[in-house]
Each structure stands twice: as structure tokens, then as C-alpha cells.
Amino acid sequence: SISGTFPPGSTFKIITATAGLETGAINKNTIIEDTGVLVIGPYKFPNWKWLTGGGVEGNLDIVGAIAKSNDIFFYKTGEWIGIDNLINWAKRFGLGAKMGVDLPGEAQGLIKKDRDWYLGDTYHFAIGQGDLLVTPLQMNAWTNVIANGGKLCKPYLFGKSDCKDLGIKKENIDLIKKGMIAACSPGGTGYVLFGFVPQIYCKTGTAEFGNENKTHAWFTAFAQDISVTVLVEGAGEGSDIAAPIAKKIFEKWLNK
């Protein structure tokens, strides 16, 4: 959880959404049509649903895009934000640096832009793929930024946590929270937790890695006084594999 680094996949859309709203690239009224695939010259950038079954999800706002983890929405959002602004926001959320937990062996992850860069690279980055690696601890920390109203806090076992207010507008945090509620409600990607009481705020992730069509299964979520981030390496989709594990943790913690 502190030494392994992995592509975050769609869980990174929490940061892309924040960056889009805070820079004004998008707002609560922005609508993007899911056409299934974007084409740039010889390259195709599909939505996951279109890739796996040929489906599209129509017109989406930010809440619906988070709920359905729609790649087309976040490709375009990343394009409008611009890679430099997106990287800056990723760093504000603590990526590319050690969190400072009081345990040995913490990795800092990776944010890299040290080569010729193309729009397709920005598309990949905006959905948590490409030149981006994170630790599960970093993912849990950025989940907590949304949970606690905008503060990035240093994790610890002993002592005190230092928290830094990232200055995110409350209305933007509220929009992202609505999207995360919708992700764990009927129509969202976190189907294992539909109807769970108390309400779970969640984001699923399915992160491609290597050249063998394998994916890491991610799930990150919070409810009441607990946040949970689950990674199952090379196991498939976050909604199918990681979310049920998180559900067991929530049930145990909340005495369900």
C-alpha cells in the first residue's frame, strides 16, 4: 500500500473532475456527448462501454460522467484543462511525491512528461493511464480530500497529521460528491454497493498495464468516518473484484 506503484485508472477521474471544475474548463452545466470513440488521425480513443460492447451513454454532465466513469467525457475534459494544468492539480493532490507516512519504504509514484507530448497522451493521462503511477496510500489520500471538504492530510501511525487546504470551492466538491454517490447508486458502476446504508461515496477503477490485456481492479470510497481503498493486482474490473472487498470492510466497520 505504500511501496507499490500502479496506474490508477478511472479513480484518477476524481482529480480530473476537480481540475476541470477549478480551472473553469467545465462546470455543472457542461454536457459532453458520449459518441463511443474519439478519432485522431489513425488513433482511436474509445469509451470502455463502447470497447467492450459497442454501447454509448448519450449526453452526460459531470455527475453522470463520474457515475458511469465515462471516458469520452474525461478525454475532452483533459483536453480542455491542458496537460500542464492537469499535472499541476495532480501534484496538488500529492501525486509524484511521498506522503510522509511514518513507515520505511514509501514510494513517491510517477508523473512524467519528459518527451514529445501529443493530445492522445493527455487523453490517457486524464483517465489515469499512461505516464502516471500512484500508491494505494496516495489514492486514499485524494479520496479523503473530497471526503473532508478539500484538505490533503499527511497520513500517520503515531503523532499528528498535517493538513493543507487545497482551496477547492465547496460547490465543486459537492458536485464530485454527487457523482460519487451516483456511482454507488443504481445506474452507476459500483453496483455491489447499491442500496447500502449509510450512503457510500465511491469511484471504481480498471487500470490497464503491460501488454497482456490485463487490468488492476481498484475501488476507492468513503462513508461516515472511514475511507477505503482496495487494489487487487491483475484481477479484472474494479466493480466486480475490488468493490465486494470494500463492501466487507464497510460492513465490518459500520457493524452491518
Over the chain, consider all pairs of different Cα atoms and compute the Kirkwood hydrodynamic radius from their mean reciprocal separation; express it in Å, one decimal.
18.1
Under 11 Å from the Cβ of ILE168, count the other residues' Cβ atoms, weight Lys and Arg +1, Asp and Glu -1, and hand me the total.
0
Given a 1.4 angstrom probe, what's the average accessible area per residue across the chain, in square angstrom?
46
If unit charges are put on Cβ atoms (+1 for Lys and Arg, -1 for Asp and Glu) and the dipole of the stretch 1-71 is taken about its Cα centre, the option from ILE66, PRO42, ILE26 lying farthest towards the positive end turns out to be PRO42
For the stretch 171-210 the trypsin sites (Lys or Arg not before Pro) that pass both the DSSP coil test and the at-most-16 other-Cβ-within-10 Å test are none
Flagged as over-length at 22 Å C-alpha distance, from LYS98/LYS248; LYS28/LYS248; LYS151/LYS177; LYS49/LYS169; LYS13/LYS252, the pairs are LYS98/LYS248; LYS28/LYS248; LYS49/LYS169; LYS13/LYS252
Residues listed by number, the stretch 176-190, amide nitrogen under 16 Å from ASP240 label point at 7 Å toward C-beta
189-190
Mind checking the stretch 100-167 for trypsin sites (Lys or Arg not before Pro) that DSSP puts in a loop (not H, G, I, E or B) and that have at most 10 other Cβ atoms within 10 Å?
ARG115, LYS160
Multiplying the sequence separation of TYR118 and GLN199 by 0.36 nm and subtracting their Cα-Cα distance, what value in nm do you get?
25.2 nm
By the Kirkwood definition, with r running over pairs of different Cα atoms, the stretch 1-136 has a hydrodynamic radius in Å of 15.4
If you keep only loop residues by DSSP, which chymotrypsin sites (Phe, Trp or Tyr not before Pro) in the stretch 161-211 have at most 15 other Cβ atoms within 10 Å of their Cβ?
PHE194
Over the chain, the sum of -39500 (n - 2.57) across DSSP H runs of at least four, divided by residue number and rounded to 500 deg cm²/dmol, gives at 222 nm -10500 deg cm²/dmol
Just add up the charged neighbours of ALA182: K/R +1, D/E -1, any other residue whose Cβ is under 11 Å from the Cβ of ALA182.
+3
Rounded to the nearest 5, what is the percent of antiparallel bridges among the DSSP beta bridges in the chain?
100
Quote to one decimal, in nm, the extra length available between LYS252 and LYS164 on full extension: 0.36 nm per residue of separation minus the C-alpha distance between them.
28.6 nm
Could you tell me the accessible area of CYS163 in Å² (1.4 Å probe, neighbours in place), rounded to the nearest ten?
70
Debye, to nearest 20: dipole size of the chain, +1 on Lys, Arg Cβ, -1 on Asp, Glu Cβ:
600
Share of carbon and sulfur in the accessible heavy-atom surface of the chain [1.4 Å probe, %]:
51
Under a crude label model (7 Å from the Cα following the beta-carbon direction), how far is ASN148 from LYS214 in nanometres?
3.5
Highest GNM mean-square fluctuation among LEU21, LEU132, LEU119, for the chain with Cα springs under 10 Å, belongs to LEU119
Charge sum, other residues only, whose C-beta stays under 11 Å from TRP117's C-beta, Lys/Arg counted +1 and Asp/Glu -1
-2
A correct Karplus calculation of ³J(HN,Hα) over the stretch 222-231, with 6.51 cos²θ - 1.76 cosθ + 1.60, θ = phi - 60°, whole Hz and x for Gly and Pro, returns 8, 7, 6, 10, 9, 10, 9, 10, 10, 10
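The values are calculated or read from the model by the stated rules, or taken from the named source; none is laboratory data. Being a predicted model, the structure only gives us computed values, none of them experimental. Don't worry about glycine lacking a Cβ; one is built from the backbone with ideal geometry, like all the others, and counts go over all protein chains shown. Please note that ligands, DNA and RNA were not included when accessible areas were found on the heavy atoms of the full protein model with its side chains. Shrake-Rupley method; radii C 1.70, N 1.55, O 1.52, S 1.80 Å.
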